[in-house]
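S.K.: One structure is given below, represented as structure tokens, and several questions about it will come after.
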Amino acid sequence: MSKTIANPNLPAPPSGKYPAKAHARRVAQWIADNGGPQSGIIYLEGQSLRMNEDDDTDAHFRQRRHFYYLTGCDLPDCYFAYDTAADRSTLWIPPIDPAFVMWAGMPLLPDQALKRYDVDDVKTSDELLKGGDSIRSMLQKQQTVIMAIKDRANLDLFQSGSLKECRPEINFEWVRKGIEACRVVKDDHEIAMIRHANIVSSYAHEQVLASVKRAKNERELNAVFVMHCHANGCKEQAYGCICAGGSNASTLHYVHNDMPLEGRLNLLLDAGCEYNCYCSDITRTFPLTGTFTKESKEIYTLVLHMQTECMKMIQAGVKWEDVHMKAHALAAEGLLALGILNRNLSIDKILDTRVTTRFLPHGLGHYLGMDTHDCGGNPNHDDPDEMFKYLRIRGVLPANSVVTNEPGIYFRKFPLEQELKDGKWEGIIDQEVLKRYWDVGGVRIEDDIWVKEGGCENLTTVKSGLEYVEATVNGS
Ligand code: GLY
Ligand code: MN
Ligand code: MN
């Protein structure tokens, strides 16, 4: 453990300007290449500073991700426009408000913003909202199309406000489509940020593993994780930590994180911080005593095998459904070998019954980027086939996408016991064997994977494996 609170030995965070202009160009090109307007103005509004309801304190601020993608700007109450034909972008930031300065200090000034963000021009938002020259000059070209996101933009300015005489055509279809498609494929800067979030989260996971023996309640380990992320420069969590002892781990997105650890076998920690709006999403499962029981060890070994084998398939061009099916085939094989599933059945028969979805109910993984469950995966949650209903990516992975590889095996009393009572799995699940595994709760192992041509790279640096997790919990 480091002697200082922050670890001075962690790599420095990536430097350099966020490549917002390149993103704006890519989105415009994607729209033009896919049947959308050949030119126009991409117009986005950032998140506004909101108050908590019935209160005068600020709500937690989280920049709109599509806005950040085209600006790299994480300030509230900003606006953005990109004139695709002229290849010029403008960012409008809040003007100085003396009352705001009293409470919150000086805001960023336009010349400072111009240096910080990869845009061509910075103005203040009062100028935009009164329909000033910066926006008017973009609209004075013939037949300008404003491409906006419908539920995200207050377009009164153009429709009934001071710019209505410019009569721009407003198109709600293409910007969202274009940004969502482009965000799937990461550039070097984005990969560097996801990598850094992974380095900090991995370190925080290691600190949790090393703290287990001193903790009596899930909340203490949750706090250790968040503390090490924040102290090392990652203040935001990508999602609420899942810090689940024993059978709580069978709840996929368990959020309570406040139960005593005594008497429980394992802890599942699914936790990841953000760095500059880019996420990490990592899960480790380990024995609270430092030694897995026989049943826990069997399930841990199976899940790690599933993850390792799926990892070998991940590369540009692979169909994600095939990788997901590989995880299920290995789950079927493993559960059959343990006798939880009837040994007289073939793997194909087991897969046909869809019984493995009762032990691995979620998809094998999802895209990761500025959102934990990143956009562009084209899931089909209405798929009647239980095998694919919760799969968050459908289709082929492109090079430079980032996915999670997160197989799991869970023993979920509800609803499995009900189905068993109803006779649904008669001759398929052996209940006598199954009951030895309820206390295992759930095992998930999750890493963040950079998809490349001909292979992949694991961005998650905390290790996995029986020996590693046992030894780290035991303090070596
Ligand atoms: N942490 C949520 C997930 O793994 O998808
Ligand atoms: Mn995940
Ligand atoms: Mn996760």
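Readers should treat all values here as calculations from the given coordinates under stated rules, not as data from a laboratory. Remember, predicted model here, so these are calculated numbers, not experimental data. Positions of Cβ are backbone-derived with ideal geometry, glycine not excepted, and every protein chain shown enters the neighbour counts.
S.K.: Can you tell me which condition D281 does not meet? The list is (1) within 17 Å of G365 (Cα to Cα); (2) among the acidic types (D, E); (3) surrounded by 22 or more Cβ atoms within 10 Å (Cβ to Cβ); (4) more than 16 Å from ligand 2 (Cβ to nearest atom), and all the others hold.
M.R.: (4)
S.K.: Is it fair to say K452 is more than 29 Å from K294 (Cα to Cα), basic (K, R), surrounded by fewer than 21 Cβ atoms within 10 Å (Cβ to Cβ) and away from ligand 2 (no atom under 16 Å from the Cβ)?
M.R.: Yes: the conditions hold for K452.
S.K.: Give the range 46-91 a look and list any residue that's touching a Lys or Arg at 6+ places or on another chain (Cβ under 7 Å), more than 18 Å from R183 (Cα to Cα) and not in a loop (DSSP other than H, G, I, E, B), or say none.
M.R.: Scanning the range 46-91 gives S89, T90.
S.K.: How many residues are closer than 20 Å to E446 by Cα, without any contact (Cβ under 8 Å) to a residue 40 or more places away in the chain and more than 14 Å from ligand 1 (Cβ to nearest atom) if we restrict to the range 377-388?
M.R.: Result for the range 377-388: 0.
S.K.: Tell me the helices (runs of 4 or more DSSP H) entirely within the range 92-132 that contain at least 1 residues that are among the basic types (K, R) and without any contact (Cβ under 8 Å) to a residue 12 or more places away in the chain.
M.R.: Once the helices (runs of 4 or more DSSP H) in the range 92-132 are filtered for at least 1 residues that are among the basic types (K, R) and without any contact (Cβ under 8 Å) to a residue 12 or more places away in the chain, what remains is 110-116.
S.K.: With L368, L351, L364, L420 as the choices, which residue is touching a Ser or Thr at 6+ places or on another chain (Cβ under 9 Å) and more than 27 Å from H23 (Cβ to Cβ)?
M.R.: Testing whether each residue is touching a Ser or Thr at 6+ places or on another chain (Cβ under 9 Å) and more than 27 Å from H23 (Cβ to Cβ) leaves just L364.
S.K.: Moving to a separate point now. Quick check on my filter: what residues within the range 363-388 are within 22 Å of I429 (Cα to Cα) and either touching a strand residue (DSSP E or B) at 6+ places or on another chain (Cβ under 6 Å) or surrounded by 19 or more Cβ atoms within 10 Å (Cβ to Cβ) (or both)?
M.R.: Scanning the range 363-388 gives a single hit, G363.
S.K.: Quick check on the range 240-258: of everything there that is surrounded by fewer than 24 Cβ atoms within 10 Å (Cβ to Cβ), part of a helix (DSSP H, G or I) and of a type outside the set (S, T, Y), which residue is farthest from ligand 3 (Cβ to nearest atom)?
M.R.: Checked the range 240-258; the qualifying residue farthest from ligand 3 (Cβ to nearest atom) is G246.
S.K.: Hey, another quick one. Within the range 267-326, which residues are within 16 Å of ligand 3 (Cβ to nearest atom) and of a type in the set (S, T, Y)?
M.R.: Y278, S280, T283, T285, listed by residue number.
S.K.: Please go through the range 227-256 and pick out each residue that is farther than 27 Å from P11 by Cα and within 13 Å of ligand 1 (Cβ to nearest atom).
M.R.: Of everything in the range 227-256, those that are farther than 27 Å from P11 by Cα and within 13 Å of ligand 1 (Cβ to nearest atom) turn out to be A244, A249, T251, L252, H253, Y254, V255.
S.K.: Hey, can you tell me all the residues within the range 396-429 that are part of a strand (DSSP E or B) and either away from ligand 1 (no atom under 16 Å from the Cβ) or touching a Cys at 6+ places or on another chain (Cβ under 6 Å) (or both)?
M.R.: V396, N405, I429
S.K.: Out of E467, E432, E419, I need the residue that is over 24 Å from H373 (Cβ atoms), in contact (Cβ under 8 Å) with a residue 24 or more places away in the chain and acidic (D, E). Which one?
M.R.: None of the others qualify; the one that does is E419.
S.K.: If we keep just the residues of the range 429-451 that are of a type outside the set (K, R) and within 17 Å of the chain's Cα centre (by Cα), which is nearest to G334 (Cα to Cα)?
M.R.: Across the range 429-451, the extreme among qualifying residues is I445.
S.K.: Go through the range 271-306 and count every residue that is among the acidic types (D, E) and more than 16 Å from ligand 1 (Cβ to nearest atom).
M.R.: Looking only at that region, the number is 2.
S.K.: Based on this model, can you work out whether G454 counts as closer than 24 Å to D322 by Cβ, away from ligand 1 (no atom under 15 Å from the Cβ) and more than 21 Å from the chain's Cα centre (by Cα)?
M.R.: Yes, satisfied.
S.K.: Which condition number does L221 fail, the rest of (1) without any contact (Cβ under 8 Å) to a residue 40 or more places away in the chain; (2) under 19 Å from K463 (Cβ atoms) being met?
M.R.: (1) is the only condition that L221 fails.
S.K.: Okay, next question. Return the only residue of N276, N257 being out of contact with any strand residue (DSSP E or B) (no Cβ under 9 Å at 6 or more places or on another chain) and at positive phi.
M.R.: After applying the criteria, what remains is N276.
S.K.: Additional query: Only one of these conditions is not met by V403: (1) in contact with a strand residue (DSSP E or B) (Cβ under 6 Å, 6 or more places away or on another chain); (2) more than 16 Å from ligand 3 (Cβ to nearest atom). Which number is it?
M.R.: The failed condition is (2).
S.K.: Can you pull out every residue in the range 205-238 that is in a helix (DSSP H, G or I) and within 30 Å of T71 (Cα to Cα)?
M.R.: Within the range 205-238, V226, M227, H228, C229, H230, A231 meet the criteria.
S.K.: Next question. Where the second residue is more than 15 Å from ligand 2 (Cβ to nearest atom) and of a type in the set (V, I, T) and the first is within 12 Å of E220 (Cα to Cα) and in contact (Cβ under 8 Å) with a residue 24 or more places away in the chain and lies in the range 249-262, which pairs have Cβ atoms under 7 Å and are six or more apart or on separate chains?
M.R.: Here the result reads none, with nothing in the range 249-262 linked to a residue that is more than 15 Å from ligand 2 (Cβ to nearest atom) and of a type in the set (V, I, T).
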